[in-house]
Amino acid sequence: MSNAKENAALAALDFVEDGMMLGLGSGSTAEIFLEHLGERVAGGLRVQGVPTSARTAQVATENGIPLADANKIERIHLTIDGADEVNPEFCLIKGGGACLLREKIIAHASERMVVIADDRKMVDVLGAFPLPIEVDPFGMALTAEKIYQALIKSGCEAGQTVLRQKKDGSGPLVTDGGHYILDSRCRKIPKPADTADLLSRIPGVMEHGLFIDLADVIVIGETDHAKVME
Ligand code: 5RP
């Protein structure tokens, strides 16, 4: 287990208060957080969690965290989630685990979002990590061309877009919402808000992995401590 991820996950517990409704992120760092949160719940902390993926629901349940139905809650006090890249303006790339649509729905509905990541995720300019874009399978080639045009228009050094495959090679990966993921090589995303805006206008795009103005706190884990930025 990475110490950096562990330190980020542990530091995020400081933001959790008794009685909170929590958005539960996805990915390996979020899962480490769930393990520690489960220990607190076992010790008497009363929280409920709204999972952002089927996998997170499973891990949360295994760790004794009570879950709430996203269709039956009135508010989410705090979401804790990972990221694939974070820039100094707190813009994120997310979706490495293919959960970006549900992650963004929950982050957007949350009063506060705390991002937990290891120090390799901090970058000056987003884009080295291929941008995950969740698309409807219908007309996907047409959508991919529109995505390429949007990336170029917003100043990205856009290159190849790859349809994400299942790890066992049995075909395209299907998200929890029944969509596909296109991973778009951008190299550099100099104006994330412009890119996000253009991608959001493409009908076949269910959601993209640029998270703008959503993160309130970034917790960067390093080998021996965590740095909290607000
Ligand atoms: C899943 C995500 C994850 O939060 C992101 O990929 C980071 O994952 P990890 O903590 O395993 O590095 O966005 O869709």
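What follows is calculated from the coordinates using simple rules that are stated; it is not laboratory data. Here the structure is a predicted model, which is why all the values come from computation and not from measurement. Don't worry about glycine lacking a Cβ; one is built from the backbone with ideal geometry, like all the others, and counts go over all protein chains shown.
Quick one: Karplus J couplings for segment 129-139, per residue in order, coefficients 6.51, -1.76, 1.60, θ = phi - 60°, nearest Hz, x for Gly and Pro? Per-residue couplings from phi come out as 7, x, 6, x, 10, 8, 10, 6, x, 5, x Hz. For Glu85, nonlocal amide neighbours, meaning residues 5 or more places apart or on other chains whose placed amide H falls under 5 Å from its own, are Ile93.
Spatially close Lys pairs in the chain, defined by Cα atoms under 21 Å apart and a spacing of eight or more places or different chains, total 21. Select from Val217, Ser154, Val205 the residue farthest towards the positive end of the dipole of segment 133-219; place +1 on Cβ of Lys and Arg, -1 on Cβ of Asp and Glu, and compute about the Cα centre. Projecting each Cα onto the dipole axis, the largest value belongs to Ser154. Helices in the chain, meaning DSSP H runs of at least 4 residues, each add -39500 (n - 2.57). Divided by all residues, the mean residue ellipticity at 222 nm is -9000 deg cm²/dmol.
Charge dipole (Cα centre; +1 on Lys/Arg Cβ, -1 on Asp/Glu Cβ; no other charges) of the chain amounts to roughly 680 debye. Of all DSSP beta bridges confined to the chain, the antiparallel ones make up roughly 55%. Couplings 3J(HN,Hα) for segment 183-190, derived from phi with the Karplus relation 6.51 cos²θ - 1.76 cosθ + 1.60 (θ = phi - 60°), are 9, 9, 6, 10, 6, 9, 10, x Hz, where x marks Gly and Pro. Cysteines of the chain lacking any other cysteine Cβ under 4.7 Å from their own Cβ: Cys91, Cys99. What separates the Cα centres of segment 95-154 and segment 185-229 is a distance of 7 Å. Note on segment 80-209: Cα Rg divided by 2.2 N^0.38 Å, N the number of residues, gives 1.00. Take the Cα of Asp119, go 7 Å toward its beta carbon, and the backbone nitrogen atoms of segment 27-67 under 19 Å from that spot belong to 29. Under 5 Å between amide hydrogens, built in the peptide plane, is the criterion, and for Lys188 it picks out Glu157 among residues at least 5 positions away or on other chains. Here the label points at Thr223 and Asp14, each 7 Å from Cα along the C-beta direction, are separated by 2.2 nm in the simple model. Maximal additional length on extending the Lys166-His77 stretch stands at 28.7 nm, based on 0.36 nm per residue less the C-alpha distance. For the pair Ala70 and Arg46 in one chain, pulling the backbone fully straight at 0.36 nm per residue adds 6.8 nm over the alpha carbon distance.
Note that the chain, at 10 °C in a medium of 1.306 mPa s, gets a Stokes-Einstein diffusion coefficient of 89 µm²/s from its Kirkwood radius over C-alpha pairs.
Under Stokes-Einstein, with the Kirkwood radius over Cα pairs standing in for Rh, what whole-number D in µm²/s applies to segment 1-117 at 10 °C and 1.306 mPa s?
Details: Rh = 13.9 Å.
The estimated diffusion coefficient comes to 115 µm²/s.
Couplings 3J(HN,Hα) of segment 198-203, computed from phi: 5, 5, 5, 8, 8, x Hz, in residue order, whole Hz [Karplus 6.51 cos²θ - 1.76 cosθ + 1.60, θ = phi - 60°; x for Gly and Pro].
Kindly list the residues of segment 155-196 that lie in the label zone of Glu89, defined by a backbone N under 18 Å from the point 7 Å along the Cα-to-C-beta vector. Once the point is set 7 Å along Cα→Cβ of Glu89, 155-158, 186-196 turn out to lie under 18 Å by backbone N, inside segment 155-196. Annotation: for a label point projected 7 angstrom from Cα along Cα→Cβ of Asp136, residues of segment 65-105 with backbone N closer than 18 Å are 101-102.
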